[in-house]
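Structure first, commentary second.
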Amino acid sequence: MKGYALITGASKGIGKSIADVLARQGYNLLLVARSADELKQVSAAIENKHKVTIHYLAVDLSNVDGVQQVVSWVSNLNVPLAVLINNAGYGVFGKFTDRQLNEQINMLDLNINAVISLTHQLLPALQANPSSYILNVASTAAYQAVPALAVYAASKAFILSYSRGLRYELKDTTVSVSCLCPGPTATNFAHRAGMDSLAELAEKFNMPPDEVAEIGIKGLFNKKAEIIPGFLNRIGAAGARLLNKALIERIGARLYKL
């Protein structure tokens, strides 16, 4: 076996698919999400399919206590940690002033603070291995401001910038850092973000989470700095760098009917 991979947000969507890919490649798994029932089901299915060892912990990472529970759990298990996948996160859709402040702060706690805290506290365990990997999951929203998803997009821009900076700091160590930036994906993201009215539009562009996971893990082990699954998503990210920012923002606002 190749050691253990810790995956947050592992009960569904991209996280669940990444867990399956890593188990197929011989990694034992440490799965973290909010729902114990969903984690139990995912763990049983992957264990039966790939014959790996899986431990899981149901915890809310949007609060400091949750992060500390994960760190203590990993320490008590005393297993060789080789991969950290910071996947847990969600969006809040709508005009900034129309959504409650507490739900947006809670989103930032999960999308940013949990990533920073887990990475900082688990880095010593990762550095103890001859070769280790960190994959931070951002979004193509990291490449531009997005009206109606203003705080979410800003949080993902932070994760992308943070990942690149940390990657450089660790370039002479045994730990490689990558950032996965998927576009629309067939997950529960739109529903949780409150974007049900745009579900039909999203379905036209969604990528399957299994495909996103395959591309993400391949890029991670190839030590790519940024991984953008899908040709159209790569074109969009390139366009966001080159085109007028105000134009990109107007397009986003019309897309989300603002």
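The stretch between Arg241 and Ser72, if pulled fully straight at 0.36 nm per residue, gains 56.8 nm over its current Cα-Cα span. Helical content alone sets the calculated 222 nm signal of the chain at -15500 deg cm²/dmol, taking -39,500 (n - 2.57) per DSSP H segment of four or more residues and averaging over every residue. Pairs from the list Lys16/Lys223; Lys40/Lys224; Lys12/Lys49 with a Cα-Cα gap above 25 Å: Lys40/Lys224.
Averaging 1/r over every pair of different alpha carbons in region 118-179 and inverting the result gives a Kirkwood radius of 12.5 Å. Helix 245-255 and the long axis of the chain differ in direction by around 90°, with both axes built from C-alpha atoms. By accessible area, using a 1.4 Å probe on protein heavy atoms only, region 1-64 has 48% of its surface on carbon and sulfur. One way to sum up the overall shape of the chain is the equivalent ellipsoid from its Cα gyration tensor, whose semi-axes run 29, 19, 18 Å, largest first. With the simple model of a label 7 Å out from the Cα in the direction of the Cβ, Ala145 to Phe96 spans 0.8 nm.
Once you reduce region 94-111 and region 133-170 to the center of their Cα atoms, the two points are 17 Å from each other.
Working from label points 7 Å from Cα in the Cα-to-Cβ sense, the Ser161 to Arg254 distance is 2.9 nm.
Calculated accessible area for the chain comes out at 49 Å² per residue, all protein chains present (probe 1.4 Å; ligands, DNA, RNA ignored).
The values are calculated or read from the model by the stated rules, or taken from the named source; none is laboratory data. Given the structure is predicted, the values throughout are model-derived calculations rather than measurements. Every residue, glycine among them, receives a Cβ derived from its backbone with ideal geometry; neighbour counts consider all protein chains shown. To get the accessible areas, we keep the full protein, side chains included, count just its heavy atoms, and leave off ligands, DNA and RNA. Shrake-Rupley method; radii C 1.70, N 1.55, O 1.52, S 1.80 Å.
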